[in-house]
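Enquirer: Have a look at this one.
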Amino acid sequence: MARKKVLDEAPAFESWDEVNQALADIGNNQRVVEGFEAEMQEKIDAAKAEAEARSRPFLEETKRLEKQIRDFAESNRDDMDGKKTKTLNFGSVGFRKSTKITLPKAPGKLAEIVKQLVTKGMSDCVKRSEPKIDKDALRKYPPSDIVAAGAGIKVEDVFWYEPDREKLERA
């Protein structure tokens, strides 16, 4: 379990033994909650598996019927009287125009397309990620370099706790 940050309150404990007991109580509470969550997740997984098993025949039948309808419509397109949609009693079937944009995978060709789009005033089609600072990467540099770049550093002592789960499980 991760360390926890605690908000300021008036101290309620008067000895380290009381703090130790509180850590034991927290650890036990966490184990009980995790047990409830694990039990819930098992029930959810079982329900999903049951629903999938019960629905599989219907999904497979639907897929088979979709293919048969598509095959029939394609082979009987002439019966649609030049229209794109055929309305039947229980629904409609038809064809629609679908246009897809394809781009080359080669970076050089892609860069050339980007250049052409910008030249032709179509720069709204080009995605440019905005500059963003990666604080974790910045943290690896010396503080003097970080401050010289204009960023600030704030150092503070933040309280945390972590129950010893292994000892609690043995107890």
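The values are calculated or read from the model by the stated rules, or taken from the named source; none is laboratory data. Bear in mind that the values here come from a model prediction, so they are computed numbers and not experimental data. Here Cβ is always computed from backbone atoms with ideal geometry, including for glycine, and neighbour counts include all displayed protein chains. Heads up: the accessible areas ignore ligands, DNA and RNA and are worked out on the full protein's heavy atoms, side chains in. Shrake-Rupley method; radii C 1.70, N 1.55, O 1.52, S 1.80 Å.
Enquirer: Could you provide, to the nearest whole Å², the per residue accessible area of the chain with probe 1.4 Å?
Expert: Here the residues of the chain average 95 Å² of exposed surface.
Enquirer: Across the chain, where is the longest run that never hits GluC sites (Glu not before Pro) in a DSSP loop with at most 12 other C-beta atoms within 10 Å?
Expert: 15-155
Enquirer: Can you tell me the length gained on complete extension of the stretch Leu117 to Ile44, counting 0.36 nm per residue apart and subtracting the Cα distance?
Expert: Difference between extended and current length: 21.3 nm.
Enquirer: Rounded if a/c is under 1.5, else prolate if a/b is larger than b/c, else oblate: which is the range 1-160, with a ≥ b ≥ c the root eigenvalues of its Cα gyration tensor?
Expert: Verdict is oblate for the range 1-160.
Enquirer: Taking chymotrypsin sites (Phe, Trp or Tyr not before Pro) as exposed when DSSP calls them loop (any state but H, G, I, E, B) and at most 13 other Cβ atoms lie within 10 Å, what is the longest stretch of the chain free of them, the sites themselves excluded?
Expert: By the stated rule (loop sites, at most 13 other Cβ atoms within 10 Å), 14-89.
Enquirer: Subtracting the Cα-Cα distance from 0.36 nm times the residue separation, let me have the gained length for Glu18 to Val147 in nm, one decimal. Provide the component values of the computation, followed by the final result.
Expert: On the way: separation 129, 0.36 × 129 = 46.44 nm, distance 4.28 nm.
My answer for the length gained is 42.2 nm.
Enquirer: Given labels modelled 7 Å from the Cα in the Cβ direction, how far is it in nm from Leu59 to Asp81?
Expert: Computed distance between label sites Leu59 and Asp81 equals 3.9 nm.
Enquirer: Taking the Cα centre of the chain as the origin, how large is its charge dipole in debye, to the nearest 20, when only Lys and Arg (+1) and Asp and Glu (-1) carry charge on their Cβ atoms?
Expert: Numbers: 33 positive and 33 negative charges, 410 e Å.
The dipole of the chain has a size of about 1960 debye.
Enquirer: Excluding same-chain residues fewer than 8 positions from Lys86, which lysines have a Cα within less than 18 Å of its Cα?
Expert: Partners within reach: Lys67, Lys97.
Enquirer: In the chain, what percent of the accessible surface is made up of carbon and sulfur (1.4 Å probe, ligands and nucleic acids excluded)?
Expert: Carbon-and-sulfur percentage of accessible area, whole number: 55.
Enquirer: Take the alpha carbon gyration tensor of the range 68-171, find the square roots of its eigenvalues, order them as a ≥ b ≥ c, and report rounded if a/c is under 1.5; if not, report prolate when a/b exceeds b/c, else oblate.
Expert: It is oblate, given that a/c is not under 1.5 and a/b is not larger than b/c.
Enquirer: Something else: Under the rule of at least 5 residues apart or a separate chain, name every residue whose amide H is placed under 5 Å from the amide H of Tyr161.
Expert: Sorted by chain and number, the residues that satisfy this are Lys4.
Enquirer: Ok, one more. Search the structure for amide H atoms under 5 Å from the amide H of Lys86, placed 1.01 Å from N in the peptide plane, and list their residues when 5 or more places away or on another chain.
Expert: Excluding prolines and chain starts, which carry no amide H, the hits are Val93, Gly94.
Enquirer: Which value, in Å² and to the nearest 10, is the accessible area of Thr102 when all protein chains are kept and the probe is 1.4 Å?
Expert: Approximately 120 Å² for this residue.
Enquirer: Can you list the aspartates and glutamates whose alpha carbon is less than 14 Å from that of Lys84, not counting same-chain residues fewer than 8 positions off?
Expert: Hits, sequence-local ones excluded: Glu74.
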